[in-house]
Amino acid sequence: MTNQHYDELKEKLLELAHLQATLAVLQWDQEVHMPPKGAQTRANALSLLAGLTHEKFLSLNNNNLLDTLKKDLDNNSLSDSEAAVVREVWHDYKRQKKLPTKLVTEFFQTTSAAIPLWVEARKKSDFQIFLPILKKIIDVKQREAKLVGYKDSPYTALLDEFEPHMTTQEVEVVLNNLKDFLIPFIKKIKQSKTKVDPSILLGRFPIAKQQHLNQEIAQTIGFDFEAGRVDTSTHPFATGFHPHDVRITTRYDEKNLFYSLASVTHEVGHAMYEQGLPVEYFGTPLGQAISLGIHESQSRMWENQVGLSKPFWDYFYPKLQKVFPKPFKTLPLEEFYRAINYVQPSLIRTESDEVTYNLHIILRFEIEKGLIEGTIQAEDLSRIWNAKMKDYFGITVPDDAHGVLQDIHWSHGSFGYFPTYSLGNLYAAQFFATAKKELPDLDTEFAKGEFAKLKNWLQKNIHAHGRYYTASQLVQHVTAEPLHSRYFIDYISAKYSEIYDL
Ligand code: ZN
């Protein structure tokens, strides 16, 4: 029996998806092609479209359509897939509905004013310039959390925007576990007598040649160029308008090949998730990615577990040596492999390696949580940041630009975003461990340049489901246990104990 209300919902969701895709095309163009003078008009157009999309989303409940379907959901009168669609739309709707337009506008105005102040503060390395507006943003986010509602911590209400259904406490458990491992492990690497020299990777790499190599790697690991493009932008990103039209970007440095290459394998991971979503559910939550954390698990797996592995380079290194004989022709693969996996505690998150990366996130998570819960005051941020850097990394922060002001996220008002980076790493390790168990010849395949088995496994087990499962249900479904940091710890521990002879 078909549910007339459900069909109506599907139709409206499809219209919304077209609007959102249009918005995304304009945003992509803004980063990739738009001339500087186009900025103001584009910002106006985007703000208009965002407003229309928001209104249209709220209008889903006209004539109580969503209320009626929610009743059907509670009465178990929907099919499995219908139930998942209604559950997720209701989840998003409930959140949006609780936020009054006044607060949404206030948020937009505050963060729009905050971004140039953050840029200035970072340039002058003066946190005081950013502090007053940051306090306003925190105040708005605290009010938002109260309106959205929460059980354990107001931070959960903010986290939910990026990692739906996850609680602060769940994040805390896995991150604390990880922290207990990382701090002593990083110390051990620092004290290791085995030295790794990443400068042997530097050279002169003409951009056209890099582009060619990127294209070959993206294609070989499974990016569908019939359903996607690779372009250049200041900050690499991936965006999907539809599974048949997914865009990624990268950037280039003539001296450092990995500046571009690492972002290509990363963004291709994101893109293959978007390309793998079920077309027949386009527009509904079953045609959407689950969360930022699950998205990040796909990118980090291809970037790190695959793209920084020995089998991957068994295949690609001879090609690299051919394209760039200098410096690679005389550099043995073993030394190259160590150099690309160089570990060094550093000040800047975005430049950190896969071992120290999560410690940067843990530091931000602890601070954000304190700010939103009110146990940390914004005035104390510089001091707390620097103390934690000293504590966790053994590093002295020279100035705020290299410390508390380094990331743009807080000026965007994106509180609750950072943990999804680490969750992504943890999901990736747990999924990859399961994939390796189920497909024991993955390494041999990679060494032959065959990546389809892993791609298909991810498509079948993760991409194909859209938001049918929540993130924690998916982890349980795919790996037969809840999320645990053990898999990441085992992966890092084995790999780097070998590289650094620990
Ligand atoms: Zn990413």
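The values are calculated or read from the model by the stated rules, or taken from the named source; none is laboratory data. Computed from a predicted structure; not experimentally measured. We work out accessible area using only protein heavy atoms, side chains counted, and drop any ligands, DNA or RNA first. Shrake-Rupley method; radii C 1.70, N 1.55, O 1.52, S 1.80 Å.
Figures for the structure shown
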{"item": "Distant-in-sequence amide H partners of Asn3 (H built 1.01 Å from N, under 5 Å)", "result": "none"}
{"item": "Percent of C-alpha pairs per 20 Å bin, the chain, short to long", "result": "21, 58, 21, 1"}
{"item": "Projected-area mean, region 1-77, by convex hull of Cα positions, square nanometres", "result": "6.2"}
{"item": "With Cα atoms, 0 to 90° folded angle of helix 257-276 axis to the chain main axis", "result": "40"}
{"item": "Hydrodynamic radius (Kirkwood) for region 180-275, which is based on Cα pairs only, to one decimal in Å", "result": "15.1"}
{"item": "Tensor-based shape of region 136-183 (alpha-carbon gyration tensor, a/c under 1.5 rounded, otherwise prolate or oblate)", "result": "prolate"}
{"item": "Rg over Rh, two decimals, region 349-409 (C-alpha only, Kirkwood Rh)", "result": "0.94"}
{"item": "Placed amide H near Gly228: partners under 5 Å, 5+ positions off or other chain", "result": "Val246"}
{"item": "The chain, relative contact order [Cα under 8 Å, separation at least 6], %", "result": "21"}
{"item": "Qualifying lysines (Cα of each under 19 Å from Cα of Lys97; at least 8 residues distant if same chain)", "result": "Lys12, Lys56, Lys70, Lys71, Lys141, Lys146, Lys151"}
{"item": "Alpha-carbon gyration tensor eigenvalues x 5, square-rooted, for region 139-224, Å", "result": "40, 26, 13"}
{"item": "Proximal lysines to Lys209, defined as alpha-carbon separation beneath 21 angstrom and excluding residues fewer than eight positions away on the same chain", "result": "Lys255, Lys319, Lys322, Lys326, Lys329"}
{"item": "Computed over region 280-365: relative contact order in percent, which uses C-alpha pairs under 8 Å that are six or more apart", "result": "16"}
{"item": "Global form of region 1-154, assessed from the alpha-carbon gyration tensor, a/c cut-off 1.5", "result": "oblate"}
{"item": "Cα centroid of region 1-70 to Cα centroid of region 237-313, whole Å", "result": "23"}
{"item": "Ellipsoid semi-axes in whole angstrom, largest first, where each is sqrt(5λ) of the Cα gyration tensor of region 310-386", "result": "42, 11, 9"}
{"item": "Part-to-part distance (alpha-carbon centres) for region 441-457 and region 176-226, which is given in Å", "result": "19"}
{"item": "Ranking by accessible area, most exposed first, for Leu147, Leu213, Leu439 with a 1.4 Å probe", "result": "Leu147, Leu439, Leu213"}
{"item": "Cα-only radius of gyration and Dmax that characterise region 64-142, units Å", "result": "20.1, 60"}
{"item": "Alpha carbon centroid spacing (whole Å) that separates region 110-124 from region 350-380", "result": "19"}
{"item": "Residues of type aspartates and glutamates that Lys187 reaches as a straight line, Cα spacing below 14 Å, ignoring anything fewer than 8 places off in the same chain", "result": "Asp391, Asp501"}
{"item": "222 nm mean residue ellipticity, helices alone, for the chain (DSSP H n ≥ 4; -39,500 (n - 2.57); rounded to 500)", "result": "-20500 deg cm²/dmol"}
{"item": "Extent along principal axes [Cα atoms of region 358-502; Å; largest to smallest]", "result": "53, 43, 25"}
{"item": "Ranked order, His244, His295 - accessible area, probe 1.4 Å, largest first", "result": "His244, His295"}
{"item": "Rg and Dmax of region 255-410, Cα atoms only, in Å", "result": "19.6, 57"}
{"item": "Accessible area (Å², 1.4 Å probe, nearest 10) - Glu82", "result": "30"}
